[in-house]
Amino acid sequence: MPVQANTADRSLVKCQDSKSAPLVTKMPLLHEGDVELKRQEVLDYFHHSFTLYESLFECLAGDEAFYHRANNLRQPLIFYYGHTSVFYINKLNVSKWIDQRIDPTLESILAIGVDEMSWDDLNDAHYDWPTPQQVKQHRDATREIVDRFIRECDFSLPIDWQSPLWIILMGVEHERIHLETSSVLIRELPIEMVKDHPVWGNICQDAGDGPANELIRVTGGKVELGKSKTNPIYGWDNEYGYCADQVQDFRASKYLVSNQEFLSFIEAGGYQNRQYWTPEGSSWLDFSQAEHPVYWIKTDQGYQLRTMLGVIDMPWNWPAEINYLEAKAFCNWKSEQSGTHVRMPTEAEWHQMRSGVDTDQPYWDVAPGNINLEQDMSPCPVDRNQFHDGLFDLIGNVWQWTETPIDGYDGFEVHPTYDDFSTPTFDGKHNLFKGGCWISTGNYAIKDSRYAFRRHFFQHSGLRYIEAAPLPEPEVSVYETDQMVSRYIDFHYGQPVEGATNFPVACINEVAKHLKNRSTSTALDMGCGTARTAFELARYFDRVEAVDLSVRVIEPPTNLQQAGRQRFISVDEGELKKFNEIQLSDFEGYVQLKDKIAFMQGDGCNLVEKYSGYDLVYAGNVIDRMYDPGKFLRDIQDRINHGGLLVLVSPYSWDEEFTPRDKWLGGFKANTGESFTTLEGITGLLADKFDLIADPVDIPFAMRESTRKSQHGVSELTVWEKRR
């Protein structure tokens, strides 16, 4: 397999007078071409990224800078210097493409950083960090291993999730993410800890007054988001799937908000007037005591700006770099000033603006904006790069915050090799920003990229505001983390344990045998849990009332009914987790049945009067968990119509933790010394009004505790008819 040796110069400094190489590169297209040429393209892309990343750390003035906590919510730079290197080794091992380690201790210390923290969750842990020289040795060894792997691995085109080169590209794009985030941390270091650099010091020299902003009309339309697995550009898992949104007409600011425009907010007392701030923003102000953007420096002569490697007089025509909370407060202030509703765009609205730009990073000859390191090593004037319809900086300069909390599209799947890339951010606390910034390269620079940060975090991010209708409260489908609830979701809706059948479905299939020629108006699912039985009963009944004592366990089926999906985290083994999602559309007919179900909280041993008039009451695996099951059975009899059915399902696993010993229905020795079964106890309670109309049926069940361990049992199902 002949592959040319990589002879590319790995020094950025030697090419500082050229903007064409080696700073600028494009993402490889993954679907076409010659295999060996594609191998070389990926090899060059890897080495380019590796060298580019190392050059950034040449901006540190000494070893002390590697260990200084530039931001208490993030790790010191020594972590990031080595983190991208150990990522390659760890992910290649996890995905079984190699069985080789360089330094297991270092690969553990630098694997996972406690990032993305809230200000009230500081990480005060102390680590035995390696030296920069030790990290550089690891990086050199990693470069050799990855170089050899790319040269020798077998692959075919297209490169997809299963390809060995997908993991390499994952490592490259991961490193390009940290190229940008590390530049932010360098910017936050004390100025004496950084030094000028012949490449990274080439900041924009164009400074002046900011232009007056104005609103430009944007025509709405249907926006379709998400991409397919056949897309030829590498993507993170959250980019795949499908979402459609109908965007209404709106008006967008011609420019990003400049430092000049943001100054008006400051001078109007914006940081002091809490009416402009959300509750989260107000809490952040209490913590930060901010009076202006974090990179502004107030002096007796006015404001200066901290760039990555220096301090300059304030360039008023550059974009203001702020977090989401500041951007939201500015929009609220702007609304008051204009008498209209001003906010940030949604993800779909940003795409509607972006739709007029018919190029993307792998395809353009020259970047259409200050992005991909193709213009300056800093932001630039907001009125330099004009796009269609009079809008500027749709792409690049600084990121643009949106109103959209990140979530997976329909069809979202977790990539198994990096299962915690996206899912921890699906919590309603991370907002998307779009468009990229001056240092965004690789996947960061493409149209479909979807990155989100906590709203108090700083990146090279700013604001474009729009005048549009208010938005409803966002609905975010977070992952259910309560292990008890997650087990019941999996028990009801997940794949059955090998060798078992779905228990709720099996029970209702048995019940269905007795419904012919009966009234099927209303059913009660008592102790419904996560309510798979309620959906199955809705196949036969006009209305199903699903009641459980715990509000927590009826939240997931309510989410299924209202939002169409529910996520949950299950135990794989030990501390390892699996991220799962179920959708209503996964189950035949459920989309049409969902509106026949009403979910309610209620106590089966103390039901209010409204619960009555049922043609069927189903109590599945619940009577042996009630504090007074006899009271339930006595009370429920008068709530069932004549000719109606009572279905009881239970393993009869009596436990004093749930039911006092004197309330057990059976499972003990009677006064006569003879065994007294639960079925005998039930029969005695129902004998005056009900008949057992079929032999009891055993229904086996298996509830998964982890991937390889399950709790097995057998429940007895009995069907009782109320005499007419």
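The values are calculated or read from the model by the stated rules, or taken from the named source; none is laboratory data. Keep in mind that this is a model prediction, so the values were computed, not measured. We place every Cβ from the backbone using ideal geometry, glycine too, and count neighbours over all the protein chains shown.
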Can you pull out every residue in segment 141-162 that is exposed (fewer than 13 other Cβ atoms within 10 Å of the Cβ) and either more than 22 Å from residue 229 (Cα to Cα) or charged (D, E, K, R) (or both)? 144, 148, 152, 154
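Report yes if some residue within segment 224-236 is under 30 Å from residue 420 (Cα atoms), assigned by TED's automatic domain parsing to the domain that holds residue 23 and either surrounded by 14 or more Cβ atoms within 10 Å (Cβ to Cβ) or β-branched (Val, Ile, Thr) (or both); otherwise report no. Step through it out loud before you land on a result.
Taking segment 224-236 first, the residues under 30 Å from residue 420 (Cα atoms) are 224-236.
Restricting the remaining residues to those that are assigned by TED's automatic domain parsing to the domain that holds residue 23 gives none.
For segment 224-236, residues under 30 Å from residue 420 (Cα atoms), assigned by TED's automatic domain parsing to the domain that holds residue 23 and either surrounded by 14 or more Cβ atoms within 10 Å (Cβ to Cβ) or β-branched (Val, Ile, Thr) (or both): absent.
Which strands (runs of 3 or more DSSP E) does segment 273-383 wholly contain that include 3 or more residues that are outside the structural domain of residue 461 (by TED's automatic domain parsing) and crowded, with 22+ Cβ neighbours inside 10 Å? Give the derivation first.
Values: elements: 296-299, 302-306, 311-313.
In segment 273-383, no matching strands (runs of 3 or more DSSP E) lie anywhere.
Residues checked against (1) at pLDDT 95 or above; (2) farther than 16 Å from residue 443 by Cα:
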{"residue": "357", "(1), (2)": "no, yes"}
{"residue": "360", "(1), (2)": "yes, no"}
{"residue": "367", "(1), (2)": "yes, no"}
{"residue": "372", "(1), (2)": "yes, no"}
{"residue": "377", "(1), (2)": "yes, yes"}
{"residue": "399", "(1), (2)": "yes, no"}
{"residue": "404", "(1), (2)": "yes, yes"}
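Residues that are more than 33 Å from the chain's Cα centre (by Cα) and buried (at least 16 other Cβ atoms within 10 Å of the Cβ): find the helices (runs of 4 or more DSSP H) completely inside segment 467-543 holding 3 or more of those. Break it down into steps so the answer makes sense when it comes.
On the way: elements: 483-493, 503-512, 532-537.
Helices (runs of 4 or more DSSP H) meeting the threshold: 503-512.
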Kindly provide the set of residues from segment 575-603 that are surrounded by 14 or more Cβ atoms within 10 Å (Cβ to Cβ), acidic (Asp, Glu) and modelled with pLDDT of 90 or more, ordered by number. 603
Any idea which of (1) over 28 Å from residue 261 (Cα atoms); (2) crowded, with 23+ Cβ neighbours inside 10 Å; (3) not assigned by TED's automatic domain parsing to the domain that holds residue 587 is the one residue 463 doesn't satisfy? (1)
Checking residue 571 against (1) farther than 23 Å from residue 426 by Cβ; (2) crowded, with 18+ Cβ neighbours inside 10 Å, only one condition comes out false. Which one? (1)
With respect to the numbered conditions (1) surrounded by fewer than 21 Cβ atoms within 10 Å (Cβ to Cβ); (2) of a type outside the set (Gly, Ala, Ser); (3) touching a Ser or Thr at 6+ places or on another chain (Cβ under 8 Å); (4) farther than 30 Å from residue 384 by Cα, which one is the sole condition not fulfilled by residue 167? (1)
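Would you be able to tell me the number of residues in segment 185-237 that are part of a loop (DSSP other than H, G, I, E, B) and touching a Pro at 6+ places or on another chain (Cβ under 9 Å)?
Taking segment 185-237 first, the residues part of a loop (DSSP other than H, G, I, E, B) are 188-190, 195-214, 219-220, 226, 228-236.
Now narrow it down to the ones that are touching a Pro at 6+ places or on another chain (Cβ under 9 Å): 203-204, 206-208, 210-211, 230, 232-234.
Looking only at that region, the number is 11.
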Odd one out for residue 585, checked against (1) among the small types (Gly, Ala, Ser); (2) under 29 Å from residue 626 (Cα atoms); (3) part of a helix (DSSP H, G or I): (2)
Yes or no: segment 124-131 includes at least one residue that is out of contact with any Ser or Thr (no Cβ under 6 Å at 6 or more places or on another chain), at pLDDT 95 or above and among the charged types (D, E, K, R). no
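Which of the residues spanning segment 138-161 are acidic (Asp, Glu), under 21 Å from residue 107 (Cα atoms) and either in contact (Cβ under 8 Å) with a residue 40 or more places away in the chain or not assigned by TED's automatic domain parsing to the domain that holds residue 78 (or both)?
Applying the first criterion (acidic (Asp, Glu)) to segment 138-161 yields 140, 144, 147, 152, 154, 160.
Imposing the further condition that a residue be under 21 Å from residue 107 (Cα atoms) reduces the set to 140, 144, 147.
Hit for segment 138-161 is 147, nothing else.
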Unmet criterion (only one of (1) surrounded by 19 or more Cβ atoms within 10 Å (Cβ to Cβ); (2) more than 30 Å from the chain's Cα centre (by Cα)) for residue 64: (1)
